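Data first, discussion second: the structure below is written as structure tokens.
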Amino acid sequence: MAPVRHRKVLILGYRAVGKTSLAHQFVEGKFVECYEPTVESTYNKVVVVGKDEFQLQLVDTAGQDEYSILPHSFVIGIHGYVLVYSVTSLRSFQVVKTLHTKLYESRGRTRMPVVLVGNKADLALQSREVRTDEGKKLAESWGAVFLESSAKENQVTQGIFLRIIEEIARVDNSYGGSASCRLM
Ligand code: GDP
Ligand code: MG
């Protein structure tokens, strides 16, 4: 059997968009209603994608805004990013845009595996501020995966973390290809 591979993924986004709730749903399978602005915490879970087994290390960050300076620890040793906004908050959508730009610059403008998540989809009927096609368009412009989710109703929450592992593999492979071309 193939060796277990290690993947380190960061969950980023404005406060109260549901970063911790998504991580909890994924790791523990439950939704916590009360809001606790998180200090950073790390979860570990073994994830099976196809025939491969991954040790996923998920870092739930405390939340950022447009003015946050991203520490080196957000770049070095990080395989992929889950960027979360809330479909009920236009501001949180602006924040993921600035975060992506900053990460892209910090990583030397190389392709990076990203899943863009519009969370709180269960509240969309009453209080949507970001349309689905706006999220989709933004993700397309980055070459990223786009998903709308609900941590509350446990919709798509597992899918987010499977997709980021697949994206990491996809981006790695496309690099492998171009590197061998350069050698010739
Ligand atoms: P974080 O600051 O991004 O980690 O956000 P939290 O996960 O702590 O969630 C902030 C608040 O939004 C909490 O009161 C959650 O219960 C609530 N929340 C998170 N995800 C959802 C969701 O998908 N739907 C609804 N209705 N509420 C959510
Ligand atoms: Mg949190």
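The values are calculated or read from the model by the stated rules, or taken from the named source; none is laboratory data. Since we're looking at a predicted model, the values are computed, not measured. Cβ placement follows ideal geometry from the backbone for every residue including glycine, while neighbour counts extend to all protein chains displayed. For accessibility, only protein heavy atoms count, side chains too; no ligands or nucleic acids. Shrake-Rupley method; radii C 1.70, N 1.55, O 1.52, S 1.80 Å.
Remarks
- Residues in segment 106-126 that are touching a helix residue (DSSP H, G or I) at 6+ places or on another chain (Cβ under 6 Å) and among the charged types (D, E, K, R): 111 only.
- For segment 22-34, residues that are surrounded by 11 or more Cβ atoms within 10 Å (Cβ to Cβ) and either part of a loop (DSSP other than H, G, I, E, B) or of a type outside the set (Phe, Trp, Tyr) (or both) total 8.
- Applying the criterion of being among the aliphatic types (A, V, I, L, M) and either under 16 Å from residue 84 (Cβ atoms) or open to solvent by less than 50 Å² (accessible area, probe 1.4 Å) (or both) to the residues of segment 44-65, the residue that is nearest to ligand 1 (Cβ to nearest atom) is 62.
- Subset of segment 2-21 that is more than 7 Å from ligand 1 (Cβ to nearest atom) and under 16 Å from residue 115 (Cβ atoms) - its residue that is surrounded by the most Cβ atoms within 10 Å (Cβ to Cβ): 11
- Candidates 68, 41, filtered to the one that is within 13 Å of ligand 2 (Cβ to nearest atom), open to solvent by less than 50 Å² (accessible area, probe 1.4 Å) and free of Cβ contacts under 8 Å to residues at least 60 places away in the same chain: 41
- Here residue 172 meets each of (1) open to solvent by 10 Å² or more (accessible area, probe 1.4 Å); (2) touching a Ser or Thr at 6+ places or on another chain (Cβ under 9 Å) with one exception, condition (2).
- Residues (among the aromatic types (Phe, Trp, Tyr) and outside any helix (DSSP H, G or I)) located in segment 82-99: 85
- A single entry from 139, 124 fulfils the requirement of being part of a helix (DSSP H, G or I), within 14 Å of ligand 1 (Cβ to nearest atom), of a type in the set (A, V, I, L, M, F, W, C) and open to solvent by less than 50 Å² (accessible area, probe 1.4 Å): 124.
- Residues located in segment 6-20, provided they are of a type in the set (Lys, Arg) and near ligand 2 (Cβ under 8 Å from one of its atoms): 15, 19
- Residues (surrounded by fewer than 19 Cβ atoms within 10 Å (Cβ to Cβ) and either in a loop (DSSP other than H, G, I, E, B) or among the aliphatic types (A, V, I, L, M) (or both)) located in segment 143-155: 143, 152, 153, 154
- Within segment 90-111, being over 16 Å from residue 70 (Cα atoms), buried (at least 20 other Cβ atoms within 10 Å of the Cβ) and not aromatic (Phe, Trp, Tyr) holds for one residue alone: 92.
- Note on segment 111-121: residues that are at negative phi and either within 16 Å of ligand 2 (Cβ to nearest atom) or part of a helix (DSSP H, G or I) (or both) total 3.
- Top-ranked residue in segment 21-38 [being touching a Leu at 6+ places or on another chain (Cβ under 9 Å) and free of Cβ contacts under 8 Å to residues at least 60 places away in the same chain; ranked as farthest from ligand 2 (Cβ to nearest atom)]: 27
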